Amino acid sequence: MILRTTLAGNVYRFADLKELFGKANEEKSGDHLIGIGAQTASERVAAKVVLSQLTLEQIRSHPLIPPDQDEVSRVIEQGVNETAYQRIKALTVGGLRDYLLAHSTTAADRQTVRAGLTAEMVAAVTKLMSTQDLVYGASLLPVSGTCRYQIGRPGTLSFRLQPNHPKDDLDGIRASIYEGLSYASGDAVLGVNPVEDNVDSCARILETLWQVMERWHIPTHICCLAHVSTQMAAVERGAPASMLFQSVAGTESANDDFGVTAALLDQAEALIRRHGLCAGPNLMYFETGQGSEVSIGADKGVDELTLEARTYGFAKRYHPFMVNNVSGFIGPETIYDGRQMIRASLEDHFMGKLIGLPMGMAPCYTNHTGIDQNDQEMATLLVALAGANYFMGVPGGDDIMLSYQDTSFHDDATMRELLGLTPAPEFFDWAQEFGLLDAAGRLTERAGDASIFLTS
Amino acid sequence: MDEQDLESLVRGVLRDLLSRDEPSDGLAPRGASPGVAPAPDRGGPTPDQSEDDPAGLGAADLYADDPQPLPGLAVPADPEGLARLRAATTARIGVGRAGPRLPHRAWLRFRADHAAAMDAVFTDVSPEIIAAAGLTPVQSAAPDKAAFLMDPDLGRAFDAATAALIKQSCRSGAQVQVVVCDGLSSTAVENNVPDLLPALLQGLERHRLSVGTPLFVKYGRVRIMDEVTGLLDPEVTLNLIGERPGLVTNASLSCYLTYRGRPGMAESGRTVLSNIYRDGTPPAEAGAYIADLSLKLIQTKASGLDLKL
Ligand code: B12
């Protein structure tokens, strides 16, 4: 394996794949935090050059985190289709990039390639991509998910309505739901992050969501984003849920911090298959995001992009209905500014789709970074163009409980209108019948008024 | 009525007069809105009269608007109902729209709130408040705020001298150890700890639990509580820490709890109560609740995922 190159007369050497992967990234504060980011612009390019010439086989045979030391690595290894891998293993990373983008490559070819990839290969090819590469490349890799119905079909754009409240006040939650529905947001899921993580409050929230769904005959899904073990206990006790949620990460030790193992998620999936509201087959919802490992010291010296790809590799085991990043959710130690956040959003969407996940997006920011709303909106437009399955719908873009800014109901409606996209068909029918969207999917006169739910 | 009251009254009347030609939304203003943090006190505008601004107040103050302004939504189907919905949450609902976009007042208010939240990150807890609360101040290994923000591990450790000082000067082996950290919001500490701490200590006393020397850690992160646990060996350690500032409040506090924590423990071993502030769980109520929770941790010898609430 050659880990050295000469660029403009200077020799660049990289000790191992970990170092090479770190240095081949576009700049991220999280990589600098653990001292693995490129020191100079030329070193970054040299690393990309070296990486572009490695074969997929070399990457697979030099694991960044060996499977015997890490459950995430094991899950990813188990997920590889060996037949597909044999067909692609001689490709270089650079060759893989060009193959994925080529006009002559068919959708079926991309499907085959995908089955043979590991997370590290996906990370590697992503490091060679520009903004437009990531947008264009992802647009060729649509993946949908089906819970009660399908979301993520080309031509559609869905939203998770996120009606959080700092006291889990049910009236307050309902008020934000009405607002969101009045903008035709909420076809991916009505999903509440509860303040109190206990079985009673989780069940109470699920019941409330279910009542709203039933009262207005809204074809959608419901979820309460407590810890998965809390949701399992609520469902065992008879609470209604369409899917189960969990935050996941790219190393075993980060998942330990989150209180999850592959076995626990296996149980969760089996449980919701038996006792959930929907037939599926996709019944899990995961949230991820670059930087969660490094922010808690669980990164094992691996760069945050690669750890995010590993997270997706882990998530794939559960054939989820929804997966979204929240890169930008943590702080400047992981993603420093708007430029890094936009880049991370594009990378995450592309990597998720390449691995085969039904990726939604949450381009977002907190107030202790330099990222602002203009950056956030640029990221949103770009990943919408790339074909993101869904975004969040947060009242006015301001989550009053999690204290961060994400896409608003207004942004949701804007993107549908700009890009000519409509909700999932079942929800679209409902929204037209309810008088919120016209036949083209544009907001009607009546839309945007939460109080219509009090009079109808 | 003193001079200040008079001044604010006059300003209020002028503001009302000036805002008469703002589009009316047909809703009564929310008045003292329940949920939204008051505008930061910037000392008030200084009158600066001119021909097109006879009152000298400048452009209409954004913070004089209803915090969830409505100009884009002319006639709600149920105006009173909408007012009720808005009263149920501090979320930005009922804001109306210009096409699919936010109406300009709502958009500018969002920007103003974002600006205020960003400015709030760089403040420190005042020494008077630390002293008045009876907290012993120490500092994490972070030398300054910028280093604290960029390298979380600095906020999770003490240097050797500080560790030795804590070990020497604080009571060890108590049942409950209280740690207060600025975390990502000094305002959260300033606004909540003065009411929360007495209620907490009272509650702990009622449960006959012994309490160690309460500490204040400047530039502290959540996990620094484990270092304190390692040094002082309490059963339960509480970390009252400022959450990252949001747009609606920059004063939200969390309490993280461990039973027999230790340095390097998994995060999932912690229990957390978040959103402690005036419009979330009010601080005095939170203090009493945390005292009860501490007892529960001791009785069940568990915290985090092992504790079934
Ligand atoms: C940022 C954040 C995260 C980040 C943490 C990374 C980081 N470096 O901060 C990420 C995205 C990884 C995360 C994950 C989860 N979080 Co969280 N998180 C927050 C948030 C929005 C802000 C926290 C904050 O301001 N920290 C302040 C700074 C100073 O802390 P820090 O030392 O830099 O970082 C520590 C804390 O953030 C802490 N932490 C963050 N979340 C959680 C959750 C639990 C249960 C614990 C014990 C610790 C913890 O871990 C960090 C490392 O020590 C709060 C909401 C809020 N209003 O507080 C929710 C919040 C604390 N999280 C919550 C939950 C449920 C989770 C998850 C369990 C979700 C899930 N189903 O998997 C996971 C797993 C958490 C774990 N055990 O490690 C809940 C807790 C509810 C409860 N009462 O138990 C909250 C209140 C949000 C909510 N209501 O849904 N979270």
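Every number here is computed from the coordinates shown, using simple stated rules; none is lab data. Owing to the predicted nature of the structure, the values given are computational and were not obtained by experimental measurement. A quick note on method: Cβ atoms are made from the backbone with ideal geometry, for glycine too, and the neighbour counts reach across all protein chains shown.
Antiparallel as a % of all DSSP beta bridges within the stretch A:145-455, to the nearest 5?
The antiparallel proportion sits near 20 percent.
Which one of A:G35, A:L17, A:T55 is farthest out on the positive end of the charge dipole of the stretch A:1-55, using unit charges on Cβ (Lys, Arg +1; Asp, Glu -1) and the Cα centre as origin?
Toward the positive end, the furthest listed residue is A:T55.
Using only alpha carbon pairs under 8 Å that are at least six residues apart, calculate the relative contact order of chain A and give it in whole percent.
Computed over chain A, the figure is 19 percent.
Let me check against my output: what whole-number percent is the relative contact order of the stretch B:220-309, with C-alpha pairs under 8 Å and at least 6 apart?
27 percent
First check a/c for the stretch B:127-306, with a ≥ b ≥ c the square roots of the eigenvalues of its C-alpha gyration tensor; if it is under 1.5, answer rounded, and if not, answer prolate when a/b is larger than b/c or oblate otherwise.
Here the stretch B:127-306 falls in the rounded category.
Could you point to the residue in A:V212, A:N325, A:Q267 farthest towards the positive end of the stretch A:145-455's charge dipole, with +1 and -1 charges on the Cβ of Lys/Arg and Asp/Glu respectively?
A:Q267
Evaluate the Debye formula for the protein assembly as shown with equal point scatterers sitting on the alpha carbons, no solvent, and hand back log10 of I(q)/I(0) at q = 0.05, 0.06, 0.07 Å⁻¹, in q order, two decimals.
Debye intensities relative to I(0), on a log10 scale: -0.26, -0.37, -0.51.
Which of B:K167/B:K218; B:K167/B:K301; A:K28/A:K89; A:K18/A:K127; A:K167/B:K145; A:K23/A:K127 have a Cα-Cα distance over 21 Å?
Exceeds cut-off: B:K167/B:K301; A:K28/A:K89; A:K167/B:K145.
Within 10 Å of each residue's Cβ, count the other Cβ atoms and sort A:K316, B:K301, A:K353 from fewest upward.
Lowest count first: B:K301, A:K316, A:K353.
Give me the dipole magnitude in Debye, nearest 20, for the stretch B:127-306 about the Cα centre, with unit charges on the beta carbon: positive for Lys and Arg, negative for Asp and Glu.
380 debye
How much mean residue ellipticity at 222 nm does chain A get from its helices, if each DSSP H run of length 4 or more adds -39500 (n - 2.57) and you divide by all residues, to the nearest 500 deg cm²/dmol?
One gets -13500 deg cm²/dmol as the mean residue ellipticity at 222 nm.
Mind listing the long-range amide H neighbours of B:V176? Cut-off is under 5 Å, sequence gap 5 or more, other chains count too, H placed in the peptide plane at 1.01 Å from N.
Residues meeting the amide H criterion: B:S210, B:V211, B:G212, B:E235, B:V236.
Note down the nm distance, to one decimal, between modelled labels 7 Å out along Cα→Cβ at B:S210 and at B:K301.
Each label point lies 7 Å from its Cα, and together they span 1.9 nm.
What is the spin-label model distance, in nm, from A:R317 to B:F122 if the labels are put 7 Å beyond Cα along the C-beta direction?
A separation of 4.5 nm, rounded to one decimal place.
Which percentage, to the nearest 5, of the DSSP beta bridges contained in the stretch B:127-306 is antiparallel?
Once the DSSP bridges in the stretch B:127-306 are tallied, antiparallel ones form about 40 percent.
Output ³J(HN,Hα) for the stretch B:254-266: one whole-Hz value per residue in order, computed from phi by the Karplus curve 6.51 cos²θ - 1.76 cosθ + 1.60 with θ = phi - 60°, and x for Gly and Pro.
Those phi angles translate into 10, 10, 9, 10, 10, 9, 6, x, 7, x, x, 5, 6 Hz.
Please list, in chain and number order, the residues 5+ apart from A:T156 or on another chain whose amide H is under 5 Å from its amide H, with Hs placed from the backbone.
A:T422
Over the stretch A:1-55, what is the mean sequence separation of C-alpha contacts under 8 Å (at least six apart), divided by residue count, expressed as relative contact order in percent?
Here the relative contact order equals 40 percent.
Listing A:T112, A:T306 from the residue with the fewest other Cβ atoms within 10 Å to the one with the most, what is the order?
Starting with the residue having the fewest Cβ neighbours, the order is A:T112, A:T306.
Most exposed first by the Cβ proxy, i.e. fewest other Cβ within 10 Å, how do B:T136, B:T249 rank?
In increasing order of surrounding Cβ atoms, one gets B:T136, B:T249.
Given the protein assembly as shown, what percent of its DSSP beta bridges are antiparallel, to the nearest 5?
If I count the DSSP bridges inside the protein assembly as shown, around 40 percent turn out antiparallel.
Please give the helix A:409-419 orientation as an angle from the longest Cα principal axis of chain A, in degrees from 0 to 90, rounded to the nearest 10.
60 degrees
Please report, in debye to the nearest 20, how large the charge dipole of chain A is about its Cα centre when each Lys and Arg carries +1 at its beta carbon and each Asp and Glu carries -1 there.
1440 debye
Could I get the Rg over Rh figure for chain A? Both from C-alpha atoms, Rh via Kirkwood, rounded to two places.
Looking at chain A, the ratio lands at 0.97.
Percent of Cα-Cα pairs per 5 Å bin, from 0 to the last occupied bin, for the stretch A:1-55, please list those.
Cα pair-distance distribution for the stretch A:1-55, in percent: 4, 23, 35, 22, 12, 4, 0.
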